[in-house]
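Following: one structure in structure tokens, then a few remarks.
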Amino acid sequence: MIVRCTARLLKLLAPGEITDVPPAPDDWYANVIWIDRRKCLLVVHADTLFSVFVADVRKPQLSKFGYYVAGSIATTLADEGLASNCLGPLDPAHVRVARTASRSVLGFMNDMASMSAHIAAQAGGVTHLDVEELNAFLRRTPFDRDGFLRPIDAARQR
């Protein structure tokens, strides 16, 4: 499992090794975003734009990054009624960190981060945010990637 991290997240993680592999449709992209001075993690599947938003992440949680990310993705897929391997293998022991490779995916992630920050502000901050509702909203918002398609529908088609 390849998780392509933004420079901001790489700085926070300080991984010992960064994998250099060509981009693939089953890569995941991850970014840390700050909302109300709290770290939040946004993880997006490269091919479907299926997203996982985790609020108020602490540095100790990120120390076992592979297990944390794979566990969050697996839980989210199960909550949506999807098989844990429908978007590629989720093996926490074999998560490899790489640099981002697609500006397109990063652009969609920026849109998702802006929406998340706006929804958190409307809720009164991250501590009052209904994270499940936000995740459902992000996965059901159509994005224009070769035609408008909702990430949840793209994931179900796989």
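The values are calculated or read from the model by the stated rules, or taken from the named source; none is laboratory data. None of these values were measured; they are calculated from a predicted model. Cβ: placed from backbone, ideal geometry, glycine included. Neighbour counts: every protein chain shown.
Residue pairs, Cβ under 7 Å, 6 or more apart or interchain, first in the stretch 133-144 and without any contact (Cβ under 8 Å) to a residue 60 or more places away in the chain, second buried (at least 16 other Cβ atoms within 10 Å of the Cβ) and not aliphatic (A, V, I, L, M). List them.
Arg140/Arg150; Thr141/Arg150; Pro142/Arg150
Need at least 3 residues that are closer than 15 Å to Ser102 by Cα and modelled with pLDDT of 95 or more per element, so show me which strands (runs of 3 or more DSSP E) inside the stretch 1-54 make the cut, counting only ones lying wholly within it.
Where strands (runs of 3 or more DSSP E) fall fully within the stretch 1-54 and carry at least 3 residues being closer than 15 Å to Ser102 by Cα and modelled with pLDDT of 95 or more, they are 2-5, 28-35, 38-45.
What residue, among those in the stretch 22-44 that are over 11 Å from the mean Cα position of the chain (by Cα) and among the acidic types (Asp, Glu), is nearest to Gly125 (Cα to Cα)?
Here the residue is Asp36.
For the subset of the stretch 6-60 comprising residues that are touching a Ser or Thr at 6+ places or on another chain (Cβ under 7 Å) and more than 18 Å from Val131 (Cα to Cα), which member is surrounded by the fewest Cβ atoms within 10 Å (Cβ to Cβ)?
Top of the filtered list is Pro23.
Thr127: over 15 Å from Asp26 (Cβ atoms), in a helix (DSSP H, G or I), among the β-branched types (Val, Ile, Thr) and within 16 Å of the chain's Cα centre (by Cα), yes or no?
In short, no.
How many residues are over 13 Å from the mean Cα position of the chain (by Cα) and in a loop (DSSP other than H, G, I, E, B) when one looks only at the stretch 76-121?
Here the count works out to 12.
Could you please find all residues in the stretch 126-141 being surrounded by 14 or more Cβ atoms within 10 Å (Cβ to Cβ) and of a type outside the set (Lys, Arg)?
Once the filter is applied, which keeps residues that are surrounded by 14 or more Cβ atoms within 10 Å (Cβ to Cβ) and of a type outside the set (Lys, Arg), the stretch 126-141 yields Val126, Leu129, Val131, Leu134, Asn135, Ala136, Phe137, Leu138, Thr141.
Could you say whether any residue in the stretch 96-105 is closer than 25 Å to Ile18 by Cα, without any contact (Cβ under 8 Å) to a residue 24 or more places away in the chain and either surrounded by 13 or more Cβ atoms within 10 Å (Cβ to Cβ) or of a type in the set (S, T, N, Q) (or both)?
no
Of all the residues that make up the stretch 45-61, how many are without any contact (Cβ under 8 Å) to a residue 60 or more places away in the chain and closer than 30 Å to Asp144 by Cβ?
2
With Ala93, Ala117 as the choices, which residue is surrounded by 13 or more Cβ atoms within 10 Å (Cβ to Cβ), in contact (Cβ under 8 Å) with a residue 24 or more places away in the chain and of a type in the set (Gly, Ala, Ser)?
The conditions single out Ala117.
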